[in-house]
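Below you'll find the structure, written out as structure tokens, and then a few comments.
The values are calculated or read from the model by the stated rules, or taken from the named source; none is laboratory data. Being a predicted model, the structure only gives us computed values, none of them experimental. Glycine also receives a Cβ, built like all others from the backbone with ideal geometry; neighbour counts cover every protein chain displayed. Note: accessible area is taken over every heavy atom of the protein model, side chains too, but ligands, DNA and RNA are not part of it. Shrake-Rupley method; radii C 1.70, N 1.55, O 1.52, S 1.80 Å.
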Amino acid sequence: MKIIGAGMPRTGTLTQKMALEMLGFGPCYHMVDVLADLDQAQLWEDALDGRPQWPEIFANFNSTVDWPGGYFYKELADFYPEAKVVLSVRDPEAWERSVRQTVWSVRNGESLIRLLSSAQGHVNPRWQGFLGMIDRLLWKDRGTFAAGHAEPEQLIEAMLRHNEDVQRSIPAERLLVWNVAEGWGPLCEFLEQPIPDVPLPHINDRKEFLNRIIDTSLAALQEWREQESSVEPQFAVGD
């Protein structure tokens with residue numbers, strides 16, 4: 001593990017993942033890796049219960065950004081003392097709107113994304129396990145936003161507290177505070193890498209996030225429908 005991303009979700013973390021991989025610090029672990037292998041959720045449940053298995057989780061990775069890894073940035077910084085830490089930041093109001101439309105909507109409110117995700121949970125036990133892990137990571141118990149998230153200012157306050165905590169906890173010489181809008185320069189200088197001769201990749205995190213949740217939910221529901229349709233109905237006498 002060479003790079004630990006401590007920045008909140010929705011701070012350009014998918015762009016960071018691609019950038020780190022282009023600089024030679026990949027593969028980079030991201031929430032998309034959990035979504036690609038839902039059995040990973042149990043490993044993060046174990047970490048939340050105080051039984052982290054970092055070598056197993058990060059066996060094939062050289063960096064991590066986004067949650068779940070960012071939630072455990074202190075533990076990871078201690079476990080990998082040679083790794084550098086990148087705190088990605090973003091304008092608080094823009095960040096809050098992005099979180100509200102994506103991560104928050106998967107588990108809160110009455111949006112279509114929340115209804116589809118919950119429906120998938122009813123027919124896919126592995127997705128239900130993933131949602132349980134997400135609830136603990138974000139919304140319940142000691143979750144990032146467990147103190148409150150209904151109002152915009154509550155999400156923003158949680159983000160600002162987190163950013164301050166990172167800067168208090170990680171020595172300045174080991175930490176980069178970086179906004180993806182700053183481009184390659186600060187990141188490459190911090191990692192002592194030459195600046196690539198291509199622009200910093202820009203990934204539409206919101207579009208990618210929503211499409212991933214919607215597509216997987218619709219696919220799971222379609223599979224369930226086909227399975228249900230293939231079951232021969234059983235009729236009792238007199239029906």
Could you order ARG10, ARG161, ARG136 so the one with the most accessible surface comes first? Probe is 1.4 Å.
-> ARG161, ARG136, ARG10
What are the ³J(HN,Hα) values, in whole Hz, obtained from phi via the Karplus relation 6.51 cos²θ - 1.76 cosθ + 1.60 with θ = phi - 60°, for each residue of the stretch 166-179 in sequence order, with x given for Gly and Pro?
-> 4, 6, 6, 8, 9, x, 4, 6, 9, 10, 10, 9, 9, 9
For the chain, set up a Gaussian network in which alpha carbons nearer than 10 Å are linked by springs, and say which option among ARG51, ARG90, ARG174 fluctuates the most.
-> ARG51
Would you mind calculating the gained length between ALA119 and GLN53 on full extension (0.36 nm times residue separation, minus the Cα-Cα distance), in nm to one decimal?
-> 20.7 nm
Enumerate the amide H contacts of TYR29 below 5 Å, restricted to partners 5 or more residues apart or on another chain; note that Pro and chain-start residues carry no placed amide H.
-> ASN62, SER63, THR64, VAL65
Difference of contour (0.36 nm per residue) and Cα-Cα distance, ARG126 to MET22 = 34.3 nm
Measure out, as a whole number of angstrom, how far apart the alpha-carbon centroids of the stretch 3-45 and the stretch 124-170 sit.
-> 17 Å
What percent do you get for the relative contact order of the chain when only Cα pairs under 8 Å and 6+ apart count?
-> 27 percent
Quick one: how many Å² of ASP37 are accessible to a 1.4 Å probe, rounded to 10?
-> 60 Å²
Please state the charge dipole magnitude for the stretch 1-74, taken about the Cα centre, from unit charges on C-beta atoms (+1 on K and R, -1 on D and E), reported in debye and rounded to the nearest 20.
-> 380 debye
Contour minus Cα-Cα distance for GLU182 and ILE203 (0.36 nm per residue) = 6.1 nm
Expressed as a rounded percentage, what relative contact order does the stretch 89-220 have, with Cα pairs under 8 Å and six or more residues apart?
-> 31 percent
A student applying the Cα gyration tensor rule (rounded when a/c is under 1.5; otherwise prolate if a/b is larger than b/c, oblate if not) would label the stretch 122-172 oblate
Dipole of the stretch 142-205, Cα-centred, from +1 at each Lys and Arg C-beta and -1 at each Asp and Glu C-beta, to the nearest 20 debye?
-> 260 debye
How large is the charge dipole for the chain, taken about the Cα centre, if only the Cβ atoms of Lys, Arg (+1) and Asp, Glu (-1) carry charge, to the nearest 20 debye?
-> 340 debye
Where does the chain land at 222 nm, in deg cm²/dmol rounded to the nearest 500, when only DSSP H runs of n ≥ 4 count, each adding -39500 (n - 2.57), divided by all residues?
-> -15500 deg cm²/dmol
Kirkwood hydrodynamic radius (Cα pairs, Å) of the stretch 93-203?
-> 16.7 Å
Rounded to the nearest 10 Å², the accessible area of ILE134 using a 1.4 Å probe with every protein chain kept is 20 Å²
The local net charge around ARG126, scoring Lys/Arg +1 and Asp/Glu -1 for residues other than ARG126 whose Cβ lies under 14 Å from its Cβ, equals -4
Given charges at Cβ of Lys, Arg, Asp, Glu: the stretch 79-195 dipole, positive-most of ASN124, ALA147, VAL89 = ASN124
Let me have the relative contact order for the stretch 1-91, percent, based on Cα pairs under 8 Å that are six or more residues apart.
-> 54 percent
Picking from VAL32, VAL89, VAL106, which is most flexible by a Gaussian network model of the chain using Cα springs under 10 Å?
-> VAL32
At q = 0.15, 0.20 Å⁻¹, base-10 log of I(q)/I(0) for the stretch 149-220 (Debye sum, equal scatterers on each alpha carbon) = -0.85, -1.02
With all protein chains present and a 1.4 Å probe, the order of SER169, SER217, SER118 from largest accessible area down is SER169, SER118, SER217
Quick one: among GLY70, GLY129, GLY185, which has the greatest mean-square fluctuation in a GNM of the chain with alpha-carbon springs under 10 angstrom?
-> GLY185
